[in-house]
Amino acid sequence: MLSILGRPVEGHCDGRSRRHFLKLGGLALGGLGLPRLLAAQEASQPAGAQALSHKAVIMIFLSGGPSHQDSLDLKVDAPKEIRGSFQPIATNVPGIEICEHMPRLAQMMDKFAIIRSLFGSPDQHASDMCVSGYPIGAKGRQDNHPSLGSVVSRLQGPVDQAVPPFVGLTIKTRHAPYSNPGLPGFLGQAHAPFQPEGEGMADMRLNGINLDQLRDRRSLLGSFDSFRRRTEGNRVFEGVDSFTRKAFDVLTSSRLVEALDLEREDPALRDRYGRGSADPAFGEDAGPHWMDQFLMARRLVEAGVRCVTLSFGSWDRHGANFERLPEQLAKLDQGITALVADLHDRGLQNDVSVIAWGEFGRTPRINPGGGRDHWPQASCALLAGGGMKMGQVIGSTNRLGEVPQDRPLHYQDVFATLYRQLGIDVANTTIPDPNGRPQYLLDRREAIRELI
């Protein structure tokens, strides 16, 4: 923990016993303090690495595994025990139909692309596959491979030294694999995500200003400005190493705080996104219906973040599938279309890629409890932005939605495409592991030709 001394209180000979302290113990990741984190990050980055502009990706994990047959791949000609009760609706792209509970998406289908032939994920309730392209394996979480955000942090570094390149908005869950925002794997904690709602931020104290008061910009900036004035020219502070100075810059920069402060947005725009809640959806142990996170993700990439991850909803519908999905699909429909429309309105549709998907699909046959069970054999994904070709459906499943039929695509094929749009050539790029051996980012290294 870094403690920077404030103005001493008169009348005490030691000059220290009743000083005010600025505690900078927060922003710690995995027990690694921010100064040490920055030191590790610089040591692991190529010399002279610097970015003047950036591409970004927003990764939305639909925790629990969404039903492809009830959202983006309806099977209206299948028997009733397969097709369910939802009806398809036409979209603004001729020939593409989706679920009736996503009318906003239907009117913006020209700005999205659907993959209906996704495969490759095992039966694991975890975000690992959706943030890294690798499931839990023999070497642990993500089989010790780095997540996309960690790779981008390692290869491209920060756009601004005061803004982390990788931010995870995923809330903590009892089932820990749901709340993996993207682990750094063999890259180490230098490239772990910064989590604004994590324990590190909760521990931060800025001259009596805690996390709940971060949105009070006047008090916060007053605290920062006062501290900066007291430390300018201070010989003690001049002796602090460069990594502590970087940590101080992150904590005292208004850029990150402003990005996290949604009160700065027009209320009408916030209403377009929807507000939602940080509480887990339906009281279940999974993601929240928190549409604010879509807006926060957009603000973060504008501030210089390269990768933002978040989780949304509880899609593990073994029961009450057709009772709860209408509400859930409607909320996703509102949040993701507001995000993509906002990106287009701001001219960011070629710079920011958006991906929304879950860890697997659901069984074609509806179970006796009115739900669908785990089905790793087939799933779907929704993409937008990033300069990719939109207004299309890629691939298909068979008549019952059991297996990919046309153009089967692995999760890693999607990752290869996202990396390409971020400016990273996965066919030729490697990163040395702790033993110095070069490691490719993916096992499958060809981008999806229909999207590029």
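Per-structure values
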| item | result |
| --- | --- |
| Residue pairs, from the table 111/139; 80/331; 172/331; 80/172; 75/139; 80/389, whose Cα atoms sit over 28 Å apart | 111/139; 80/172; 75/139; 80/389 |
| Stretchable slack from residue 399 to residue 123, in nm (0.36 nm times residue separation minus alpha-carbon distance) | 97.1 nm |
| Separation in nanometres of the label points that stand 7 Å from Cα toward Cβ, at residue 138 and residue 327 | 4.5 nm |
| Amide proton proximity set for residue 57, modelled H, under 5 Å, gap of 5+ | 307, 308, 353 |
| Sparsely packed trypsin sites (Lys or Arg not before Pro) within segment 356-420, loop by DSSP, other Cβ within 10 Å at most 14 | 389, 399 |
| Shape category assigned to segment 249-317 from the gyration tensor of Cα positions, a/c cut at 1.5 | prolate |
| Listed residues 72, 113, 84: farthest to the positive end of the dipole of segment 49-122 (Cβ charges) | 113 |
| Cβ charges +1 (Lys, Arg) and -1 (Asp, Glu), total dipole of segment 300-379, debye | 300 debye |
| Built amide H within the under 5 Å cut-off of residue 358, gap 5+ | 62, 380 |
| Under-5 Å amide H pairs with residue 319, H placed in peptide plane, nonlocal only | 372 |
| Local electrostatic count at residue 83 - Lys and Arg +1, Asp and Glu -1, tallied over other residues with Cβ under 14 Å | -1 |
| Equivalent ellipsoid, segment 264-380 (semi-axes from 5 times Cα gyration tensor eigenvalues, Å) | 29, 16, 12 |
| Label-point separation in nm, residue 350 to residue 320, each point 7 Å along Cα→Cβ | 4.7 nm |
| Backbone HN-Hα couplings from phi across segment 282-294 [Karplus 6.51/-1.76/1.60, Hz, Gly and Pro as x] | 6, x, 8, 7, 7, x, x, 8, 10, 5, 3, 5, 5 |
| Net charge dipole size for segment 63-190 [Lys, Arg +1 and Asp, Glu -1 on Cβ; Debye, nearest 20] | 320 debye |
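No lab work stands behind these numbers, since they all come straight from the coordinates. Quick caveat, the model's predicted, so the values are computed rather than measured. Here Cβ is always computed from backbone atoms with ideal geometry, including for glycine, and neighbour counts include all displayed protein chains.
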